[in-house]
1. Take the residues in the range 100-116 that are more than 10 Å from the ligand (Cβ to nearest atom) and in a loop (DSSP other than H, G, I, E, B), then tell me which one is nearest to GLU146 (Cα to Cα).
2. List pairs: first residue in the range 220-245 and under 19 Å from VAL99 (Cα atoms), second residue open to solvent by 40 Å² or more (accessible area, probe 1.4 Å) and part of a strand (DSSP E or B) anywhere in the structure, Cβ distance under 8 angstrom, at least six positions apart or on different chains.
3. Considering (1) more than 16 Å from the ligand (Cβ to nearest atom); (2) surrounded by 20 or more Cβ atoms within 10 Å (Cβ to Cβ); (3) outside any strand (DSSP E or B), say which one VAL97 fails and leave the rest.
4. Report, by residue number, each residue of the range 24-72 that is part of a loop (DSSP other than H, G, I, E, B), in contact with a His (Cβ under 9 Å, 6 or more places away or on another chain) and surrounded by 17 or more Cβ atoms within 10 Å (Cβ to Cβ).
5. Can you tell me which condition SER141 does not meet? The list is (1) within 16 Å of the ligand (Cβ to nearest atom); (2) more than 30 Å from GLN210 (Cβ to Cβ); (3) polar (S, T, N, Q), and all the others hold.
6. For ASN195, are the conditions met, namely being open to solvent by less than 60 Å² (accessible area, probe 1.4 Å), out of contact with any strand residue (DSSP E or B) (no Cβ under 8 Å at 6 or more places or on another chain) and in contact (Cβ under 8 Å) with a residue 60 or more places away in the chain?
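The values are calculated or read from the model by the stated rules, or taken from the named source; none is laboratory data. Everything quoted here is computed from the prediction, not taken from an experiment. Cβ placement follows ideal geometry from the backbone for every residue including glycine, while neighbour counts extend to all protein chains displayed. With ligands, DNA and RNA removed, areas are computed over all heavy atoms of the protein, side chains included. Shrake-Rupley method; radii C 1.70, N 1.55, O 1.52, S 1.80 Å.
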Amino acid sequence: MDRILRGIMKYRATDRKTMVEQFQRVRDNPEPKAVFFTCMDSRMIPTRFTETNIGDMFVVRNAGNVIPNSQNFPEEVTTTEPAALELGCVINDIRHVIVCGHSDCKAMNLLHRLKCEEFSSRDNRLISPLRGWLIAHANASLKKFEKLETGGFHQPLLFQAETPMRKFVAYIDPDNKFNIEDKLSQVNCLQQLQNIASYGFLKKRLETHQLHIHALWFDIYTGDIYYFSRQNKRFVEINEHTVMGLIKEVNRYYS
Ligand SMILES: [Zn+2]
């Protein structure tokens, strides 16, 4: 807490004035560009690695960048992620949703261990909200991952995107650069696109191409960031060689 209080004193002396001016500009002319879902991990600071600023993004962070599927709420929806989608995409008319996973994700490491029946037993879930959260809302990711495992990690997976008709194929880590848990993290990241599209209040926007869903993946070990390219059917590292192609793809598919 000492670190936080001293940090606030530093902010008062340095950034506060400019930030208040920016708040004013955003209030007068709000133009948020994206709803950004990522993990709560302390290493994930999305405004830093996307160089975005005040007014640019609505950021939602939780354990494992999971967006519960609407099927998990037969009646009233009671978690923050869909509420955030409504606040961002409906009330503020934001046109892009981004889900960003990462390597060495503690939530994904735990999800992988939940394959073990004893580890994921009811008694263990009752004493661990994190296990409960992952079993309830990330089990579909685990099931997809098991399919990948059965195919020896070479077979592509099929995911659903904006509508049930808009499916896409994904080769997960075809160069075999990442460990098992990181592969699961990539699968989980893509599974969230389907979960987002499961909400009725977004249906019309998704069908009429007014709302688009993207996946990013951050490699903690190298600092490289990957964009899931539906054209290339894989996560493509964003760098000086690929960025123009990715911008072209994004503009063609999503403008
Ligand atoms: Zn994480």
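1. The extreme case among them is LYS115.
2. ASP224/GLU237; ILE225/GLU237; TYR226/GLU237; PHE228/ARG234; LYS233/VAL169
3. It fails just one condition, (3).
4. ASP41, MET44, GLY64, ASN65, VAL66, ILE67, PRO68, ASN69
5. (2)
6. Spelling it out, ASN195 is indeed open to solvent by less than 60 Å² (accessible area, probe 1.4 Å), out of contact with any strand residue (DSSP E or B) (no Cβ under 8 Å at 6 or more places or on another chain) and in contact (Cβ under 8 Å) with a residue 60 or more places away in the chain.
Yes/no matrix, rows are residues, columns are (1) modelled with pLDDT of 95 or more; (2) under 22 Å from ILE225 (Cβ atoms):
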site	(1), (2)
VAL60	yes, yes
ALA63	yes, yes
GLU75	no, no
GLU86	yes, no
VAL90	yes, no
ARG95	yes, yes
VAL99	yes, yes
HIS102	yes, yes
CYS105	yes, yes
